[in-house]
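To start, the structure under review is shown below, and the notes come after it.
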Amino acid sequence: MPELRLSGLVKSFGPARALDGAALSLRGGEVHALMGENGAGKSTLIRILAGLERADAGMVTLDGAPLPLGTSQAATAAGLRFLHQELQVVPALAVAENMHLSRPYPLRLGLVDWATLRQAARGALARLGVDHIAPETPMGALGPGDQMLVRIAATLLEGGPAPWAYVMDEPTAALTGAEAARLFAAIGQLRAAGAAVLYVSHRMDEVMLLADRITVLRDGAHVATRDRAATTRDEIIRDMTGREMADLFPPHRDRAAPAPLLQVAGLRAAGLGPVSFDLATGEVLGVAGLSGSGRGALLRALIGALPRAGKITLAGQPLAADPAGAWAQGLAYIPRERRAEGVMPRRALAETVALPHLSRLSRRGFVNHRAATALVRRLSAQVRLKASGPAQPVAELSGGNQQKVLFARALAGNPRLLLLDEPTRGVDVGAKFDIYALIRNLAARGTAVIVVSSDLPELIGLSDRIAILQGGHITQTLPATGMTEAALLAACYGKDG
Ligand SMILES: Nc1ncnc2c1ncn2[C@@H]1O[C@H](COP(=O)(O)OP(=O)(O)OP(=O)(O)O)[C@@H](O)[C@H]1O
Ligand SMILES: [Mg+2]
């Protein structure tokens, strides 16, 4: 079996050290999880392997022989394949054609032999255990999970030396549960065929299910490599954070009969409603539902990003039906697709956080830069943002830290009502803890929160009450105390808990 070894990797970006003695070994036939907090250096390590960045120091060997890296051709020649988040596909072309983008189409009598082309595509997909994707389907009609399966299958059709190692950086971040399950099955097939999979994920469940070995990086350095069968979640979390995480959820506090803050009556939008509920000052309402239940639409209708009907009041005032108006009334929203919807990547971190608050930070038309910088520094500390300074462009931050920037921005407005869509997706366990504590603190100071999450322990741990959405309607609202995951899931499926 081939073995790739990385040792003593160092990489700095200006004064910031992204890698500081990182090490890893990857063997054919294993799934190797790479874990670490946001900003620990995982993506940087992968970018070095892929030849997209050059290490300042360190050693990479393949079966004991030094491996020249630094270009993507070198990585390809070494048998490495990378599934980056931005999938390179041609949406208008069929699946089978997408699988032949980098090699000639089969010909017959000088013409493209479509039957052979499709047969090859079908065969490669079947080797991954995939039989639900027809080779003639246009690529653009597939979801992100199926596109990923097609991309992996395409590598099986390449000419030349066969790839032996697959590198996936948070592949399930944008996938539904069913799509992720198919990807896991395909990963199992690759492993059974002797390939190695290097897998970056923040989801402990996935890692414990898939990985043979787990390597943890902290602050760019190698902390430990452990056999999954001989370790525990707690041990991995300790490796990542250097602290114990027993109390991941802060305790619920007791509240005396709170005043109603948000009143929603007969809310309707596309695929949603009518929905009616009240929310008290300082209350955290969880929203559970399967995908397609209207979870995201509920939040977007409330913020006014979707056309809606119905009567909504916030602190007794009718709530504006447009995002800017709602923001002015004290409503903040953190969308699910943070990278796409929320961030202008080239803009500096300080600007991103402060921009929506400039009117508050200005006097007679002049921005008080000192106040703005102080605000940004205070909020960055509050969300434990890892960045070199307020001038750093958001694009340079690690994925999880980009999400924290949006949290900081929402918090700066002291929102009366905070809407959160999957607030901890792509966020490491330590940062999760920080975000949970932030949400609880805000609630304790009177902010009402609505949180949509497919992470059931998160919903139960954070919420006071949980509303179950099914087919666009709230079918039940249950107290979170004493709720179990199984009961919650059963409620989402419409069975008696
Ligand atoms: N091009 C760059 N310029 C400046 N700093 C960078 C650049 N790329 C990465 N960094 C910094 O290097 C550190 C490691 O980032 P990296 O993206 O590798 O983290 P990560 O482990 O993948 O985190 P996440 O789990 O959030 O994706 C971070 O502090 C990041 O801000
Ligand atoms: Mg990353």
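The values are calculated or read from the model by the stated rules, or taken from the named source; none is laboratory data. Note that the coordinates shown come from a computational prediction; the quantities given were computed from them, not determined experimentally. All Cβ positions, glycine included, derive from the backbone under ideal geometry; neighbour counts span all protein chains shown. The accessibility values were calculated without ligands, DNA or RNA, using every heavy atom of the protein model including side chains. Shrake-Rupley method; radii C 1.70, N 1.55, O 1.52, S 1.80 Å.
Here are the numbers:
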| item | result |
| --- | --- |
| For the chain, size of Cβ-based charge dipole, Lys and Arg +1, Asp and Glu -1, in debye | 1420 debye |
| Projected label distance in nm at Ala324 and Ala371, using a 7 Å step from Cα toward the beta-carbon | 2.2 nm |
| Amide N proximity, segment 434-456 versus Ala486 label position 7 Å along Cα-to-Cβ, cut-off under 18 Å | 456 |
| Calculated [θ] (222 nm, deg cm²/dmol) that DSSP helices of n ≥ 4 give over the chain, each run adding -39,500 (n - 2.57) | -9000 deg cm²/dmol |
| Overall form of segment 108-175 per C-alpha gyration tensor (a/c, 1.5; a/b vs b/c) | oblate |
| Per-peptide average of other Cβ atoms within 10 Å, ordering 262-274, 415-427 highest first | 415-427, 262-274 |
| FRET efficiency, Ser25 to Asp205 (Cβ-Cβ, R0 41 Å, nearest 0.05) | 0.95 |
| Share antiparallel - DSSP beta bridges, the chain, percent rounded to 5 | 60 percent |
| Simple Cβ-charge dipole of segment 3-241, Lys/Arg +1 and Asp/Glu -1, about Cα centre, in debye nearest 20 | 300 debye |
| Accessible surface of the chain, 1.4 Å probe, proportion on carbon and sulfur as whole % | 54 percent |
| Partners for Lys404 among lysines (Cα-Cα distance below 30 Å; same-chain residues under 8 apart left out) | Lys11, Lys42, Lys386, Lys432 |
| Accessible area expressed per residue, the chain, with surrounding protein chains retained (probe 1.4 Å, Å²) | 44 Å² |
| Per-pair calculated FRET efficiency, R0 = 45 Å: Ala270 and Leu111 via Cβ, rounded to 0.05 | 0.45 |
| Dipole magnitude (debye, nearest 20) for segment 260-492, charges at Cβ of Lys, Arg, Asp, Glu | 900 debye |
| Prolate/oblate/rounded label for segment 408-488 (Cα gyration tensor, a/c 1.5) | prolate |
| Shape box of the chain [Cα atoms, principal axes, largest first, Å] | 73, 51, 49 |
| Cβ-derived FRET efficiency at R0 45 Å, Gln263 paired with Ala229, nearest 0.05 | 0.30 |
| Burial ranking of peptide ranges 7-20, 306-319 (average Cβ count within 10 Å, highest at the top) | 7-20, 306-319 |
| Contact order normalised by residue count of the chain, Cα under 8 Å, 6+ apart, percent | 16 percent |
| Cβ crowding within 10 Å averaged over residues, with 215-225, 459-469 ranked highest first | 459-469, 215-225 |
| Amide proton proximity set for His473, modelled H, under 5 Å, gap of 5+ | Gly273 |
| For segment 1-101, fraction of C-alpha pairs farther apart than 21 Å, in % | 40 percent |
| Positive-end extreme of charge dipole, the chain - chosen from Pro423, Ala141, Ala22 (charges on Cβ) | Pro423 |
| Rg over Rh, two decimals, segment 3-241 (C-alpha only, Kirkwood Rh) | 0.99 |
| Label-to-label distance, nm, for residues given as Ala395 and Gln189 (7 Å Cα→Cβ offset) | 3.7 nm |
| Dimensionless Rg/Rh of segment 260-492 - Kirkwood Rh, Rg from C-alpha atoms | 0.97 |
| Cα gyration tensor category, rounded, prolate or oblate, for segment 260-342 with a/c compared to 1.5 | rounded |
